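Enquirer: Handing you this structure, nothing more for now.
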Amino acid sequence: MPKQQNPVRQIVGAVADMTRNYFDMKRDNTVGADDYFHCKANYEAANHGPWGELTAQIVGDTKEGFDYLKNRFYKGFSYPDALSDYLHDKDVNLQGRQLSKNPLYSNSIEACQYQRVKDINEKY
């Protein structure tokens, strides 16, 4: 998708990409596939342009913050385990955003292939 100049379109496109990838991940329901869908969502959102990239960062960081709290206080993760999961997911999100700037990749599937696990549905 070509980078869009209009900030509102970038933001809306980024939110739509992240939402679609979230629901794709839930539908696919493959153990260990989270990193692939995180990478893909952030790549696609950032590919809309600078406002898309910023939106991906804000949405991703906010979600990971809520996940940290859920893991720590609802699921009973230890502080180190919850923090490790939080930092890992933030890193994968950043990788997706950075890969969107790499001219070697023409789409999110190619760029995030290294995160793909064998049982993910081929349509993703």
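Enquirer: Tell me, what % of the accessible area of the stretch 1-62 is carbon and sulfur with a 1.4 angstrom probe?
Expert: About 61 percent, which is the carbon plus sulfur part of the accessible surface.
Enquirer: D89: accessible area at probe 1.4 Å, nearest 10 Å²?
Expert: We get 20 Å² for D89.
Enquirer: What does a probe at D119 reach in the stretch 1-43, counting residues whose amide N is under 18 Å from the point 7 Å along Cα→Cβ?
Expert: Answer for this model: 24-38.
Enquirer: Find, among the GluC sites (Glu not before Pro) in the stretch 34-124, those assigned to loop by DSSP (not H, G, I, E, B) with at most 13 other beta-carbon atoms within 10 angstrom.
Expert: Passing both the DSSP loop test and the Cβ count: E122.
Enquirer: Using θ = phi - 60° and the Karplus curve 6.51 cos²θ - 1.76 cosθ + 1.60, what whole-Hz ³J(HN,Hα) does each residue of the stretch 59-68 get, with Gly and Pro shown as x?
Expert: 5, x, 5, 5, 4, 5, x, 5, 4, 4
Enquirer: Note down the net charge around D89, summing +1 for each Lys or Arg and -1 for each Asp or Glu among other residues with Cβ under 9 Å from its Cβ.
Expert: Once all neighbours under 9 Å are counted, the net charge is -4.
Enquirer: Of the listed values (i) 14.4, 44; (ii) 13.2, 38; (iii) 15.5, 51, identify the label whose number matches Rg and Dmax of the Cα atoms in Å calculated from this model.
Expert: This structure yields the entry labelled (i).
Enquirer: So if we plug the beta-carbon distance of K26 and L87 into 1/(1 + (r/R0)^6) with R0 = 22 Å, what FRET efficiency do we get, rounded to 0.05? Could the numbers behind the result be given before it?
Expert: Numbers: r = 23 Å, r/R0 = 1.05.
After rounding, the FRET efficiency stands at 0.45.
Enquirer: How much solvent-accessible surface does L87 expose, in Å² to the nearest 10, with a 1.4 Å probe and all protein chains in place?
Expert: For L87, the solvent-accessible surface is approximately 90 Å².
Enquirer: By how many nm would the segment from R9 to L69 grow when fully extended, if each residue of separation counts as 0.36 nm and the alpha-carbon distance is taken off?
Expert: Full extension from R9 to L69 adds 18.5 nm.
The values are calculated or read from the model by the stated rules, or taken from the named source; none is laboratory data. What you see is a predicted model, and the numbers here were worked out from it, not measured in a lab. Positions of Cβ are generated from backbone atoms using ideal geometry, with glycine treated the same way; all protein chains shown enter the neighbour counts. Please note that ligands, DNA and RNA were not included when accessible areas were found on the heavy atoms of the full protein model with its side chains. Shrake-Rupley method; radii C 1.70, N 1.55, O 1.52, S 1.80 Å.
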